[in-house]
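Below: one structure, written as structure tokens.
The values are calculated or read from the model by the stated rules, or taken from the named source; none is laboratory data. This one's a predicted model, so the numbers in the text were calculated from it and none came from an experiment. For neighbour counting, all protein chains shown are included, and Cβ atoms are generated from backbone atoms with ideal geometry for every residue, glycine included.
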Amino acid sequence: MLVNLRSMLQKADREHYAVGGYNMTTLESAMAIIEAGEEEKSPVILQVSEKTIDYMGLDLAFAVAKTLADRAVVPVCIHFDHGRNFPMVEDSLKIGFSSVMLDVSKMPKDERIEFVKEFVSKAHHLGATVEAEEDQIGGREDYVDGNRGHFTDPKRAAQFVRETNVDAFAVSIGSTHGKPLPHEKLDLELLAEINKAVDVPLVLHGASSTDEKVVREAISLGICKINIDTDLRLAFTRELRRTLKDADIYDPREELAPSRDEIRDEVIKHIRLFGSSDKA
């Protein structure tokens, strides 16, 4: 069933678990994410990035996600991930996405709040929710390049959230997009300060391969949504390479099915880590 972020993350916040935001890159990955959610009776956030939209088109990406969400027996949020192409994000709202993420870290600082405030008003009018990122998060993934990440200032975060009316806020506390950078370390003390200052659910980007103990502590400090993309790609590719060693397999469906199963298992692992099993 299709839902937006608000009720999904408010429940997670109350009950102290996190919901995974899992990026779909292919039909197989999208199917695997939903299968994992249903197996674990967990809500899931099916995320679509700008690169995936460039790969398959906004209409087809949404059609795949919407069909799977409508079939699902667990809550599914269709979420535009890392929206920097703002006209494309607006188009996603018009076509039916239930949630979007605005990344305004490249905008002049004095323009960000008013821009996001107006965007949130439009989204809420359509029944959609908005997650926002103001401070650039490190690492590289798809079209996101943030090798010079800027950590979140709790006071500025409180002002930003209060004045924009966003539904969720993405923090920059040392995590990185893509494969983890050497010496990556999350500033959990800063996260605790942000959590005290901000009254909406918090989001952690770049959490693939992050230490499980750190993830659990981050959830205890207010993280309610955790984005996972790289771990799913690695699982898919790892299994595909194994499958292709079998010269007798030449049916693309037989080649891709094991990779779909591998992504499902990877998502299940994260669902259990995040504590969202049986929360549907």
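Worth a mention:
- Residue list for segment 234-259, filter: of a type in the set (S, T, N, Q), surrounded by 15 or more Cβ atoms within 10 Å (Cβ to Cβ) and without any contact (Cβ under 8 Å) to a residue 24 or more places away in the chain: T243
- Residues in segment 35-44 that are of a type in the set (A, V, I, L, M) and not in a helix (DSSP H, G or I): V44 alone.
- In segment 197-216, the residues that are in contact (Cβ under 8 Å) with a residue 40 or more places away in the chain and within 14 Å of K269 (Cα to Cα) reach residues that are β-branched (V, I, T) and crowded, with 24+ Cβ neighbours inside 10 Å with C-beta atoms within less than 9 angstrom, at least six apart or across chains, in these pairs: V215/I223; V215/I226.
- So D167, is it among the charged types (D, E, K, R), surrounded by fewer than 22 Cβ atoms within 10 Å (Cβ to Cβ) and either at pLDDT below 95 or under 30 Å from G127 (Cβ atoms) (or both): no
- Taken over segment 26-59, the criterion of being under 16 Å from D231 (Cα atoms), touching a strand residue (DSSP E or B) at 6+ places or on another chain (Cβ under 8 Å) and either among the hydroxyl-bearing types (S, T, Y) or free of Cβ contacts under 8 Å to residues at least 12 places away in the same chain (or both) is satisfied by S29, S49.
- Segment 45-91 - residue that is β-branched (V, I, T) and part of a helix (DSSP H, G or I) and, of those, surrounded by the most Cβ atoms within 10 Å (Cβ to Cβ): T52
- Restricting attention to segment 182-208, the residues that are under 25 Å from L234 (Cβ atoms), surrounded by 15 or more Cβ atoms within 10 Å (Cβ to Cβ) and at pLDDT below 95 add up to 6.
- Scanning segment 95-133 for residues that are within 20 Å of the chain's Cα centre (by Cα) and not hydrophobic (A, V, I, L, M, F, W, C) yields G96, S98, S99, D103, S105, K106, H124, G127, T129, E131, E133.
- Options G174, G138; residue that is at pLDDT below 95, touching a Lys or Arg at 6+ places or on another chain (Cβ under 7 Å), under 26 Å from L221 (Cα atoms) and not aliphatic (A, V, I, L, M): G174
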